[in-house]
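Just below is one structure, and these are the notes that go with it.
Read-outs throughout are calculated quantities, based only on the coordinates presented, and are distinct from any laboratory measurement. All values reported here derive from a predicted model rather than from experimental measurement. Note that each Cβ is placed from the backbone with ideal geometry, even for glycine, and that neighbours are counted across all protein chains shown.
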């Protein structure tokens, strides 16, 4: 994905599949994550058959990925901070009630 090439991945328990799934999800490309092997093949055929879609995707993919929380440290820090405050506030509200 780094050089403008999308990566189709299948959900899994190994680090590399989880990492690729995370990058795809954070880059607004969740449709490039397959739930199982059958879906992986279906998506591979679908995406490979649509050259116009792939060409259009390639134009903005690098920018899209670099602006995602996976590669934009400021955005990641902001979202992480918001998540921690939400967790804290949820914890406080449950502890008090």
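With an a/c value of 1.5 or above and a/b not larger than b/c for the gyration tensor axes a ≥ b ≥ c computed over the alpha-carbon atoms, the stretch 1-66 is described as oblate. The label point for residue 91 and the one for residue 13, both projected 7 Å from the Cα toward the Cβ, are 2.9 nm apart. Look at the alpha carbon pairs under 8 Å that are at least 6 residues apart: their mean separation over the length of the chain gives a relative contact order of 28 percent. Seen against the Cα atoms of the chain and their longest principal axis, helix 51-66 is set at about 30 degrees. For the chain, the longest principal axis of the C-alpha atoms and the axis of helix 37-48 are separated by about 60°. In the chain, the longest principal axis of the Cα atoms and the axis of helix 15-26 are about 80 degrees apart.
Using per-residue counts of other Cβ atoms within 10 Å, averaged over each peptide, order 39-46, 12-19 from highest down.
39-46, 12-19
In this simple spin-label approximation, residue 36 and residue 63 carry label points 7 Å from Cα along the Cα→Cβ vector, and these lie 3.9 nm apart.
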